[in-house]
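This report concerns only the one structure given below.
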Amino acid sequence: MMRIILTFFVFLLIILPLNAEILHIKIPSEIKVKNSIVRLADIVEEPNKLPKVWQKMVLGNIVNPGGSLEISRDYLKARLLQAGVFLEDWTLEMPNKVKIIRDYLLISREKIEKIAYRCVYERHPWKNYLKILEIKAPSDVILPSGKVSFFCQFPSQKQFLSSFSLPIAFSINGQIVNRTWVTVKAKISLPVVVTLRPLARGEVIKKEDVKIEKREFSKINPRMFSRLEEVIGKRMKVSIGAGEILTYTQVQPIPLIHRGDIVTIVAESPVLKVTVKGRAKEDGCRGDLIKVLNLNSKKIVYGRVIDNHTVKVEF
């Protein structure tokens, strides 16, 4: 009797594991996957029931988001056999052909143009004077599925006028996957100082000689004046006509001290102040460092112009 019982248990130990290992694989006719590499676990209905080795089995590759791949029942059987999975280990429920589609996100051209519009108005250095005439994205953008983010890669200020290309980089889960270039046409209207009449070289600019006027630009000269007080009281270095935009290179301050003027040279420390007469050897505006002849020592010193009769030297 004991021998019969032992034989029965040995029989169960042999038979039951085989029955337990038989798996039923069910695959629908159409599946969406997230990744480019398609594995068996991506297409079966209950992937967790598969052994780990089966789950990782590669069936194909879908390079582009929105692309698709078709596999047949015979192909899947062949791949399982190649992997050493025997027919008696599983049953398969699937149509003759299965379509696998890589999931994607569609960013429409209209949405891309809205993104570009917002980026330009938020970050343009002259946004208060900007008027966008046209924004044009080349096409829709198809991205892999996931958490999408974007950022605009702005050109330098010199390229940021009139017409320019604005690259927009799209990221999925923090990784850049696409860049698209949006064409932006715009104009800039900036307030600048212009002349009301012709001004000759050496002439001192008065309030009635200039005005503020808005001008449209396709190129910005950073040395233009935008406030009247920046030019009134200064002297013209060149002659220009009426209606011209004034720039830093065309005007200069009127010197407080002229070559040959007798000035007071001041040398000062926290405990001592010394003054002596000198003669200016060159013109100088407030703050300029000029050469001065010390009339006592007959030596040339360098002093900074304080006012129209004083220069200060350092000990």
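The values are calculated or read from the model by the stated rules, or taken from the named source; none is laboratory data. Quick caveat, the model's predicted, so the values are computed rather than measured. Cβ sites come from the backbone with ideal geometry, for glycine too, and all protein chains shown count toward neighbours.
Taken residue by residue, the stretch 89-107 has at least one member that is within 20 Å of the chain's Cα centre (by Cα) and either at pLDDT 95 or above or aliphatic (A, V, I, L, M) (or both).
Identify the residue in the stretch 41-93 that is among the aliphatic types (A, V, I, L, M) and part of a loop (DSSP other than H, G, I, E, B) and, among all such residues, is surrounded by the most Cβ atoms within 10 Å (Cβ to Cβ). Ranking the qualifying residues of the stretch 41-93, first place goes to VAL44.
Rundown of residues vs (1) surrounded by 15 or more Cβ atoms within 10 Å (Cβ to Cβ); (2) under 29 Å from PRO125 (Cα atoms); (3) of a type in the set (A, V, I, L, M, F, W, C), yes/no style:
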position: VAL194; (1), (2), (3): yes, yes, yes
position: VAL204; (1), (2), (3): no, no, yes
position: MET236; (1), (2), (3): yes, no, yes
position: PRO255; (1), (2), (3): yes, no, no
position: GLY260; (1), (2), (3): no, no, no
position: PRO270; (1), (2), (3): no, no, no
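How about the stretch 216-228: which of its residues are part of a strand (DSSP E or B) and surrounded by fewer than 15 Cβ atoms within 10 Å (Cβ to Cβ)?
We begin by selecting, within the stretch 216-228, every residue part of a strand (DSSP E or B); these are 216-217, 224.
Across the stretch 216-228, the qualifying residue is only GLU216.
Inside the stretch 18-40, residues that are outside any loop (DSSP other than H, G, I, E, B) and crowded, with 16+ Cβ neighbours inside 10 Å make up a count of 7.
Among the residues of the stretch 235-264, those that are assigned to a strand (DSSP E or B) and within 16 Å of LYS312 (Cα to Cα) comprise ILE257, ILE262, VAL263, THR264. Evaluate the following for ILE212: is it of a type in the set (A, V, I, L, M, F, W, C), within 30 Å of LYS127 (Cα to Cα) and assigned to a strand (DSSP E or B)? It is true that ILE212 is of a type in the set (A, V, I, L, M, F, W, C), within 30 Å of LYS127 (Cα to Cα) and assigned to a strand (DSSP E or B). Screening VAL231 on (1) surrounded by 15 or more Cβ atoms within 10 Å (Cβ to Cβ); (2) in the same structural domain as TYR129 (by TED's automatic domain parsing) shows it passes everything except condition (2). If you check SER226 against the conditions, is it without any contact (Cβ under 8 Å) to a residue 40 or more places away in the chain and hydroxyl-bearing (Ser, Thr, Tyr)? So SER226 fits the description; yes.
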